[in-house]
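First the structure, in the form of structure tokens, and then the observations on it.
The values are calculated or read from the model by the stated rules, or taken from the named source; none is laboratory data. The model shown is predicted, which means the values in this text are computed figures rather than measured ones. Methodologically, a virtual Cβ is constructed for each residue, glycine included, from the backbone with ideal geometry; neighbour enumeration extends over all protein chains shown. Areas reflect the complete protein model, heavy atoms only, side chains present, ligands, DNA and RNA absent. Shrake-Rupley method; radii C 1.70, N 1.55, O 1.52, S 1.80 Å.
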Amino acid sequence: LGETIVTWTAVDLSGNVGSATQKVTVVDTTKPVIAKIADITSEATSEKQNTITLVAPNATDIQPVTITNNAPKEFPLGKTTITWIAKDTSGNTSNATQIIDVVDTTAPKLTVPKDIEVQATSLTDNLVDIGNATVVDNVKTISLTNNATKTTTSKIPVSNIFLFLSPSFVIIAMKNTY
């Protein structure tokens, strides 16, 4: 690669000499060949701050190649497309894309209050505070609900859990809003 000056010289039978120069420039206009890189799926550890180890794709060229990308330091939940750029010393570039898919497949972990037993004071109007459940999730808990029915005979404080007793069933309820 580069420029070379070639000197042409001609001599005739009388010894006369003539010369001329020719400039020969060898250039590289061929883009590097960048290998296709596999997409990555990774389990989320947070909503927006997931660290993924990236491995640069291989690239070939007649000159040394520098490989860079536009990846963020931390990946959010969902799909992020990153672009890998291979650039040779002549400035020729080629690109490859890779999709980083951060997924949340881990169920939240619930902690419910201890089992309790209380003395009934009536067949239908027993109201027992059984505490609050807690939840932990790797990403973000959107809701904590249950299948309790609303009682119309008692005022239920927001975010408290109650036990309703009757002769034929027991309902555990947690009320966040009504």
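When ranked by the protection proxy of mean other Cβ atoms within 10 Å per residue, highest first, what sequence do the peptides 67-79, 2-14, 92-104, 109-121 form? Could you put the intermediate results ahead of the total?
On the way: 67-79: 14.1, 2-14: 8.0, 92-104: 16.4, 109-121: 9.9.
Result, highest mean Cβ count within 10 Å first: 92-104, 67-79, 109-121, 2-14.
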When averaged across all projection directions, what area in nm² does the alpha-carbon convex hull of the stretch 13-142 cover? 13.3 nm²
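Measure off, as a whole percent, the carbon and sulfur share of the 1.4 Å-probe accessible area of the stretch 12-118, all protein chains present. Mind dumping the intermediate values first?
Values: 3940 of 7520 Å².
C and S atoms contribute 52 percent here.
Per residue, what accessible area does the stretch 1-112 have, given a 1.4 Å probe and all protein chains present, in Å²?
On the way: 7820 Å² over 112 residues.
About 70 Å² of surface per residue is accessible.
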In Hz, Karplus ³J(HN,Hα) per residue of the stretch 57-74 (6.51, -1.76, 1.60; θ = phi - 60°; x = Gly, Pro): x, 7, 9, 10, 6, 6, 10, x, 10, 9, 10, 10, 8, 10, 5, x, 5, 10
Per the 1/(1 + (r/R0)^6) rule, R0 = 30 Å and r from the Cβ atoms of Thr81 and Thr134, FRET efficiency to 0.05 is 0.20
